[in-house]
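Written below as structure tokens is the structure these notes are about.
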Amino acid sequence: LVVAGARQAEQVLAMAQSRIEVLAPDLRRTLRAASVFGQVFWAGGVRALLGGSPASGPAEDWLVRLIDREYINRRRQPRFADEDELEFRHALLREAAYAMLTDTDLALGHRLAAEWLERAGESDALVLAERFERGGERARARGWYHRAAAQALEGNDFKTADAHAERAVACG
């Protein structure tokens, strides 16, 4: 039963990937870049991952086309000021796009996403720590894990603080 369930999950993921594969290359790249952030992402973050200018450009057009084709939606209340916040219409589409990334692309994407989130004012230290760690920036991850531990201590969550401190130590 477990094997059959795993096979079905792979088939569903493959179907979602085939829906992405029919898109123009720039739209596929845009979806893959967005997927690095998770279910929710920001236009500026996608531009940063695609190497575009901070203000606007082709990535803006690609995002509008993906909205029109119902791959993504705009969110009404963005978390970061002056940033267009978007989300994948279906978690499966995000997973499919993310699974299409190579290990090298994932590491670079997570590093660039962490740097963008840091500049945008991300306040959750754990989010930044995990992104930097996935991006191979262990020293930067270590600092953010220390901050995440401090945030947990402020909330009297000693177990979580200890876990974050252990991850900081594991990063060197």
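The values are calculated or read from the model by the stated rules, or taken from the named source; none is laboratory data. None of the values given here were measured: they were computed from a predicted structure. Ideal geometry is used to build each Cβ from the backbone, glycine not excepted, and the neighbour counts take in all protein chains shown. Surface accessibility is based on the protein's heavy atoms, side chains included, excluding ligands, DNA and RNA. Shrake-Rupley method; radii C 1.70, N 1.55, O 1.52, S 1.80 Å.
Put simply, the amide H of residue 86, placed in the peptide plane, has neighbours under 5 Å in 41, 42, 43, 75, leaving out anything fewer than 5 places away on its chain.
Heavy-atom accessible area for residue 30, with the other protein chains in place and a 1.4 Å probe, reaches approximately 0 Å². Dimensions of the range 38-162 based on its C-alpha atoms, expressed as ranges along the principal axes with the largest first, amount to 46, 33, 29 Å.
Listed values for the range 78-83 are Karplus-derived 3J(HN,Hα) couplings in whole Hz (6.51 cos²θ - 1.76 cosθ + 1.60, θ = phi - 60°), namely x, 6, 10, 4, 6, 10, and x replaces Gly and Pro. Restricting the range 51-115 to trypsin sites (Lys or Arg not before Pro) that sit in a DSSP loop and have at most 11 other Cβ atoms within 10 Å of their own Cβ leaves 76.
Within the listed set 114, 48, 91, the Gaussian network model of the chain (springs between alpha-carbon atoms below 10 Å) gives the highest mean-square fluctuation for 91.
The C-alpha atoms of the chain define a longest principal axis, and helix 58-68 lies at about 70 degrees to it. Mean-square fluctuations from a GNM of the chain, with a 10 angstrom spring cutoff on Cα atoms, peak among 152, 24, 99 at 24. For the range 36-43, backbone phi angles converted through the Karplus equation (6.51, -1.76, 1.60; θ = phi - 60°) give residue-by-residue couplings of 5, 6, x, 5, 10, 8, 10, 4 Hz, Gly and Pro being listed as x.
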